[in-house]
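Notes to accompany the following structure.
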């Protein structure tokens, strides 16, 4: 219809914390086999995709237009988010379009709330949200197993961003088994200035290990039981991250952040994924608020956020009527 507004669709996707990250020996392809226990937490990015005519699209808002896709971003740390084909959301649009044999003529707008470059899978969340939003916009009704396969092409964390909740990731983290969670866990995240390169953290992990034999990674039974039972104390005693020593080696100041959270009453503390954000498990909402306030005043981090997990995975929150499903 002449003059009709362009159609759009929006989806949200959660951040994650790795409550266990067991890293196996380096593989011939340079990756590592993992036993990666993901827990989604209630911090979300929102991605809106809008039909765009690539011949006439307005890019004055700062989006970049190439090959039918353009990306813009607002929110904390948005200046660090690439607005070109290196952006995972951009790549998600192109992969889904190719899967359905159509042009990827959309504008992608990302509203950030997940910390950027913080080891909390914000880029993966954006890719997952872009996948589901485009699927809704185009009415392509892609089967879930196909969406997860496309997500795995984008990165190891993207499939989990789609499903949310809790899951064990095998392989590079993309082979998922959903896990039961028997309660709500309270978390605080201390946000660092700057990022840590994930490949560099893995490389430092390999360097620190040297010639020491590395066992095949396995999830800790006591950790899985604590998740299933909603047992905060049990989970606190089982949290583990094989990349933590490497992250601390590259960013020694993170040790002060971990200590500050423990001193404030956190049940447990660990570097989140490859860092540099640090995660703290708290007994309840009140304890989480106290830990967050103490961390914010400690001078050891840029900011602190309290939240809960598990959280749902990627969700379509608005879509054209014909595309709802």
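The values are calculated or read from the model by the stated rules, or taken from the named source; none is laboratory data. Remember, predicted model here, so these are calculated numbers, not experimental data. For neighbour counting, all protein chains shown are included, and Cβ atoms are generated from backbone atoms with ideal geometry for every residue, glycine included.
Selection within region 269-317: residues that are touching a residue at least 60 places away in the same chain (Cβ under 8 Å) and part of a helix (DSSP H, G or I). The member of this set that is farthest from residue 111 (Cα to Cα) is 287. All told, residue 83 meets the bar of being buried (at least 19 other Cβ atoms within 10 Å of the Cβ), without any contact (Cβ under 8 Å) to a residue 60 or more places away in the chain and either at positive phi or touching a strand residue (DSSP E or B) at 6+ places or on another chain (Cβ under 6 Å) (or both).
Taken over region 157-174, the criterion of being out of contact with any helix residue (DSSP H, G or I) (no Cβ under 8 Å at 6 or more places or on another chain) and modelled with pLDDT under 95 is satisfied by 170, 171, 172. If you check 127, 151, 141, 133 for being surrounded by 24 or more Cβ atoms within 10 Å (Cβ to Cβ), more than 15 Å from residue 18 (Cβ to Cβ) and out of contact with any strand residue (DSSP E or B) (no Cβ under 9 Å at 6 or more places or on another chain), only one passes: 151. Every condition in (1) within 25 Å of residue 261 (Cβ to Cβ); (2) touching a strand residue (DSSP E or B) at 6+ places or on another chain (Cβ under 6 Å); (3) not in a helix (DSSP H, G or I) is met by residue 176 except one, and the failing one is (1). As a summary of the residue check, residue 193 satisfies the conditions (1) in contact with a strand residue (DSSP E or B) (Cβ under 7 Å, 6 or more places away or on another chain); (2) surrounded by fewer than 18 Cβ atoms within 10 Å (Cβ to Cβ); (3) not in a helix (DSSP H, G or I) except for the one numbered (1). Looking at the structure I just gave you, is residue 164 in the same structural domain as residue 121 (by TED's automatic domain parsing), touching a residue at least 60 places away in the same chain (Cβ under 8 Å) and under 23 Å from residue 235 (Cα atoms)? The answer is yes for residue 164.
Screening residue 282 against (1) surrounded by 23 or more Cβ atoms within 10 Å (Cβ to Cβ); (2) more than 11 Å from residue 265 (Cα to Cα) leaves a single unmet condition, (2). Within this structure, residue 121 passes the test of being at positive phi, in contact (Cβ under 8 Å) with a residue 12 or more places away in the chain and crowded, with 24+ Cβ neighbours inside 10 Å. When residue 249 is tested against (1) without any contact (Cβ under 8 Å) to a residue 40 or more places away in the chain; (2) surrounded by fewer than 18 Cβ atoms within 10 Å (Cβ to Cβ); (3) in a helix (DSSP H, G or I), only condition (1) is not met.
Tell me, please, whether a residue that is at pLDDT 95 or above, closer than 24 Å to residue 114 by Cβ and either surrounded by fewer than 20 Cβ atoms within 10 Å (Cβ to Cβ) or in the same structural domain as residue 287 (by TED's automatic domain parsing) (or both) can be found in region 219-231. Within region 219-231, one or more residues are at pLDDT 95 or above, closer than 24 Å to residue 114 by Cβ and either surrounded by fewer than 20 Cβ atoms within 10 Å (Cβ to Cβ) or in the same structural domain as residue 287 (by TED's automatic domain parsing) (or both).
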